[in-house]
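The values are calculated or read from the model by the stated rules, or taken from the named source; none is laboratory data. Note that the coordinates shown come from a computational prediction; the quantities given were computed from them, not determined experimentally. FYI the Cβ positions are ideal-geometry reconstructions off the backbone, even for glycines, and counts take in every protein chain you see. Ligands, DNA and RNA are excluded from the accessible area calculation, which covers all protein heavy atoms including side chains. Shrake-Rupley method; radii C 1.70, N 1.55, O 1.52, S 1.80 Å.
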Amino acid sequence: MTRSRIRDLAEQLTDRDRLVVRTLATHRVLTSHRIAELAFDSRSTARRRMKDLETMKAVLRFRPYAERGSNPFHFILASAGAAVMAVEDGEEPGPAARRALGDHRLVLLSGRRLARVLGVNAFRAALEAHARAHPDTAVEQWYGEGEIPHIDVPRGLDRPDAILIRREGPARSTFALEYDTEIEQPDRLARQAARYACVRPRCRDGETPLGRGVPIVLLGFASALRESNARAALTGSFGEVRIATGVWRAGTSPAGALWLPLDHRGPRTALAGLGEARRPATPGPTP
């Protein structure tokens, strides 16, 4: 991709276009509904401008198969859009363009796998929206499944959907997010969560990018029934790992009082309060 092509595209982008493209660079895939909420006054205006951005080859769109009805259009970055963002950030465009090409595989994901990606993205977007409204909070680091650095993952443990470091006031906490798409069996969730006791950050040049302790595991569910079944399966299955469950839906803040540590019966606590939650008193089997 030539510098002149990147420059030509950059000159055509408005500030609102840049907001959309930069958000796609961060979140990888967004639905047309989410884009309309993010940057436009109406869905019709969003549709017209996203079609323009597709014509400019800044973005690509696809519509996942739906067994019933139809899904909204989904958008990912095209290589040219990724290259423009990289240049504006003072980076080389080649690696960003190649990452965008790699994200084209999202078009081929199954409905459930894509739902997981979108759900995790929505969780992140909601936390960042909360931080914008509450300047004493911040998502300081966010590592998606394929980006998690320097972490020892035991054999048999899937990588988490995300690991994040969040600050509220002076306190920082490290969380591992598992986003439920309603297909996991509760006993498998229990095994997955218990093995987090074996997760340890690796040091590089004297730094531990994920903090020094075991991350607090967040199990986010879409329904109270799924959460209840999972909590029943999880009881007694953990050792030193801290686990909290919550029912979270897009459009609400994950920072709120949604979370119930596994060793508590109530009341629920805000995300910031989990860092102060006591560790489980009863040791479980070594995963």
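Key figures
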{"quantity": "Residue in segment 6-13 that is closer than 26 Å to A129 by Cα and part of a helix (DSSP H, G or I) present", "calculated": "no"}
{"quantity": "H104 vs. criteria surrounded by 15 or more Cβ atoms within 10 Å (Cβ to Cβ) and touching a residue at least 40 places away in the same chain (Cβ under 8 Å)", "calculated": "no"}
{"quantity": "Some residue of segment 34-50 being under 28 Å from R249 (Cβ atoms), small (G, A, S) and touching a residue at least 40 places away in the same chain (Cβ under 8 Å)", "calculated": "no"}
{"quantity": "Every residue from segment 238-272 that is small (G, A, S) and open to solvent by 30 Å² or more (accessible area, probe 1.4 Å)", "calculated": "A250, G251, S253, A257, G266, A270, A272"}
{"quantity": "Residue match in segment 75-97 (condition: in a helix (DSSP H, G or I) and polar (S, T, N, Q))", "calculated": "yes"}
{"quantity": "From the options E67, E54, residue that is acidic (D, E), in contact with a strand residue (DSSP E or B) (Cβ under 7 Å, 6 or more places away or on another chain) and either more than 24 Å from R249 (Cα to Cα) or open to solvent by 70 Å² or more (accessible area, probe 1.4 Å) (or both)", "calculated": "E54"}
{"quantity": "Unique residue being crowded, with 16+ Cβ neighbours inside 10 Å and modelled with pLDDT of 90 or more when the list is L218, L210, L189", "calculated": "L218"}
{"quantity": "Residue list for segment 235-248, restricted to those being at pLDDT below 85 and closer than 17 Å to D161 by Cβ", "calculated": "V241"}
{"quantity": "Segment 80-93, residues that are without any contact (Cβ under 8 Å) to a residue 24 or more places away in the chain and either open to solvent by 20 Å² or more (accessible area, probe 1.4 Å) or acidic (D, E) (or both)", "calculated": "D89, G90, E91, E92"}
{"quantity": "Complete set of residues in segment 60-79 that are under 17 Å from H27 (Cα atoms) and hydroxyl-bearing (S, T, Y)", "calculated": "S79"}
{"quantity": "So R113, is it farther than 30 Å from A171 by Cα, under 15 Å from the mean Cα position of the chain (by Cα) and open to solvent by 30 Å² or more (accessible area, probe 1.4 Å)", "calculated": "yes"}
{"quantity": "Pairs with Cβ under 6 Å, 6+ apart, first in segment 66-79 and over 15 Å from R49 (Cα atoms), second open to solvent by 30 Å² or more (accessible area, probe 1.4 Å) and among the charged types (D, E, K, R)", "calculated": "N71/R63; A78/K57"}
{"quantity": "All positions within segment 78-100 that are over 18 Å from R16 (Cα atoms) and under 20 Å from the mean Cα position of the chain (by Cα)", "calculated": "A96, R99, A100"}
